[in-house]
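Notes follow the structure.
Please treat every number below as a calculation from the coordinates, not as lab data. Quick caveat: nothing in here was measured; it's all calculated off a predicted structure. FYI the Cβ positions are ideal-geometry reconstructions off the backbone, even for glycines, and counts take in every protein chain you see.
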Amino acid sequence: MKEIDINTWNRKQHFHHFNRLKDPYFAITIPFNVTKAYRFSKENNVSFFGVYLHDCMKAMNAVENLRYRIKGEKVVDYEVINASTTILRKDKTFGFSFIDFNENLDLFLQNLSEEKKRIENSNELFPPKNGLDCIHCSAMPWINFTGHKEPVSDEKESIPKLSFAKVIEQDNELLMNVSIGVNHALVDGYHLSLFAEAFQSNLNKKMNK
């Protein structure tokens with residue numbers, strides 16, 4: 001983790017402007033082609049959710065501004081961003097997870113599996129490990145939404161929030177809408193375009209294991 005010198009930051013004015021707003025958050029919904037990622041998961045008998053979440057996390061870690069967090073009066077850059085996703089239980093309640101990111105897909109899927117087992121065998125809402133070095137995300141594979149809003153607390157938040165929609169088939173391709181909400185004090189539309197480009201590129205780079 002390293003601190004950003006706000007006084008020399010080229011976004012100093014942008015940060016102070018949006019950080020003073022009552023609602024500094026904005027969100028967009030982006031369609032992604034998940035055809036190759038889905039086929040890869042089925043051919044290799046691994047979790048489709050785990051595969052595209054890993055691709056998402058690689059893209060998240062590749063865009064510097066998406067690693068920025070507001071910590072007190074400071075802005076810090078976390079070197080590694082992890083995944084905190086909701087995991088559904090059999091009784092249709094859910095628990096929050098904390099999945100350590102790893103560039104290696106197999107190790108990431110193992111971390112996901114361990115968190116899934118922990119939540120399935122617990123009624124706790126929050127994970128024992130938590131922090132700002134993550135994203136908050138959820139999958140809603142039952143609904144093909146084109147817009148989405150996440151809840152926010154009374155405190156200033158800086159963790160990106162994502163939601164993954166139902167996969168639909170169109171012209172023999174599989175498409176999935178993804179909503180991402182961010183704090184405009186740290187992130188602009190340009191940074192989300194970098195994320196979208198990297199995420200789609202990761203989804204496309206799929207070869208059999």
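Figures for the structure shown
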{"quantity": "Per-residue HN-Hα couplings for the stretch 193-198 [Karplus 6.51, -1.76, 1.60; θ = phi - 60°; Hz; x = Gly/Pro]", "calculated": "5, 5, 4, 4, 5, 5"}
{"quantity": "Candidates His16, His136, His148: whichever shows maximal mean-square fluctuation once the chain is modelled as a Gaussian network with Cα springs under 10 Å", "calculated": "His16"}
{"quantity": "Relative counts (whole %) of C-alpha pair distances in the chain, using bins that are 5 Å wide", "calculated": "1, 7, 15, 19, 20, 17, 11, 6, 3, 1, 0"}
{"quantity": "Under-5 Å amide H pairs with Ile135, H placed in peptide plane, nonlocal only", "calculated": "Asn82, Ala83, Ser84"}
{"quantity": "For Leu174, Leu53, order by how many other beta-carbon atoms lie within 10 Å, fewest first", "calculated": "Leu174, Leu53"}
{"quantity": "Long-range HN-HN contacts of Lys71 with modeled amide H, under 5 Å", "calculated": "Val76"}
{"quantity": "Those lysines that a straight Cα-Cα span of less than 23 Å connects to Lys74, excepting residues fewer than 8 apart in one chain", "calculated": "Lys2, Lys12, Lys22, Lys129, Lys156, Lys161"}
{"quantity": "Length gained when the stretch Asn121-Glu103 is fully extended (0.36 nm per residue, less Cα-Cα span)", "calculated": "3.7 nm"}
{"quantity": "GluC sites (Glu not before Pro) restricted to DSSP loop in the stretch 127-177 with at most 10 other C-beta within 10 Å", "calculated": "Glu155"}
{"quantity": "Value of Rg to Rh for the stretch 86-153 (Rh from inverse mean 1/r over Cα pairs, i.e. Kirkwood)", "calculated": "0.97"}
{"quantity": "Principal axis dimensions, the stretch 1-106 - Cα atoms, whole angstrom, descending", "calculated": "51, 31, 27"}
{"quantity": "Nearest-20 debye value, the stretch 126-209 charge dipole, Cβ charges on Lys, Arg, Asp, Glu", "calculated": "320"}
